[in-house]
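Heads up, the thing below is written out as structure tokens.
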Amino acid sequence: MEGHSGTAPLAEAPSYMRFIWEITLEFATRRIGGGGLTEVALTKPAQTCQGEHVVDDPSSLLDYNWTRRVIWEKLIGLPWQPGFRLSPSNWDEFSLDKAPSSIHQIVQANDDMGLCGGHYRFVVYTEFKVTVVYSEPKALLRHLRQEVVQQAVVEPSSTGDGDPACGICFDGLATSPPVKLPCGHAFHSDCIFKWFFNGTACPICRHDLRGLVATPWGRKIWDLD
């Protein structure tokens, strides 16, 4: 981050924060049977987005929360893919709070020295590497819930009281709608979802489940130009 330091002279020019975002996109796939690991399918070259916020009252920069909110609003305003989650918990390394903290420290130091009524011109430069992960386990579960399988249904085992049983935990399926694989075997949604992270075939008959869903990386899905 570059910013004004030392004195803050009077000037007619407005104060502002200018933002430069350097964004590199990675597209990765979490495969079924992969134990939760991801593989990077392709990387889109870095693209630059810019924005600016005019600060009408320089004393506003003394408020850390106000400065942080402005920076977040500018970040959220970028042309992110619909549904993209920007919550701090979704970041491997979260450093965006460094900018408002540094701005606050500079402005507070000037204010402590009695330098009031001046103007500031801050440039906040941030590099992002954003990894968009396509989860095959999630996509496969969603596909099986929606798909009308035009095959003969293999009768699941029973708990003994007439209630069909989940093929993984062997508890009854009556409590929730079962998920049926193309082979016809039925399971609890949570049970088969966990299975997808470690297995690629039906846990009963070993029917191969790979290839039922496809990643969207073959088409243009995000444009920051």
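The values are calculated or read from the model by the stated rules, or taken from the named source; none is laboratory data. None of these values were measured; they are calculated from a predicted model. As a convention, Cβ positions derive from the backbone with ideal geometry for all residues, glycine included, and neighbour counts pool all protein chains shown.
Matching residues to (1) more than 26 Å from Arg30 (Cα to Cα); (2) within 25 Å of the chain's Cα centre (by Cα); (3) modelled with pLDDT under 90:
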residue	(1), (2), (3)
Thr175	yes, no, yes
Phe197	no, yes, no
Ile204	no, no, no
Asp225	yes, yes, yes
| Condition test on Phe170, is it aromatic (Phe, Trp, Tyr), surrounded by fewer than 17 Cβ atoms within 10 Å (Cβ to Cβ) and more than 20 Å from Gly33 (Cβ to Cβ)? | yes
| Which ones in the range 87-109 are without any contact (Cβ under 8 Å) to a residue 40 or more places away in the chain and assigned to a helix (DSSP H, G or I)? | Pro88, Ser89, Asn90, Pro100, Ser101, Gln105, Ala109
| Among (1) polar (S, T, N, Q); (2) surrounded by 15 or more Cβ atoms within 10 Å (Cβ to Cβ); (3) over 27 Å from Lys194 (Cα atoms), the one test that Thr38 misses | (3)
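Check Leu96, Leu86, Leu78 and return the single one that is surrounded by fewer than 15 Cβ atoms within 10 Å (Cβ to Cβ), modelled with pLDDT under 90 and of a type in the set (A, V, I, L, M). If you could, list the steps in order and put the result at the bottom.
Working: Leu96 fails: surrounded by fewer than 15 Cβ atoms within 10 Å (Cβ to Cβ); Leu78 fails: surrounded by fewer than 15 Cβ atoms within 10 Å (Cβ to Cβ).
So the residue among Leu96, Leu86, Leu78 that is surrounded by fewer than 15 Cβ atoms within 10 Å (Cβ to Cβ), modelled with pLDDT under 90 and of a type in the set (A, V, I, L, M) is Leu86.
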| task | Any residue in the range 65-81 that's touching a residue at least 60 places away in the same chain (Cβ under 8 Å): show its pairings with residues that are loosely packed, with under 11 Cβ neighbours inside 10 Å at Cβ separation under 8 Å, as long as the two are six or more apart or on different chains. | result | Pro79/Asp223
| request: Would you check if there is a residue in the range 34-57 being part of a loop (DSSP other than H, G, I, E, B), modelled with pLDDT of 85 or more and under 21 Å from the mean Cα position of the chain (by Cα)? | output: yes
| note | Per the filter on the range 41-100, residues over 22 Å from Arg121 (Cβ atoms) and aromatic (Phe, Trp, Tyr) are Trp80, Phe84, Trp91, Phe94
| remark: Just one listed residue, out of Val133, Val124, Val148, Val107, is at pLDDT below 80 and of a type in the set (A, V, I, L, M, F, W, C), and it is Val148
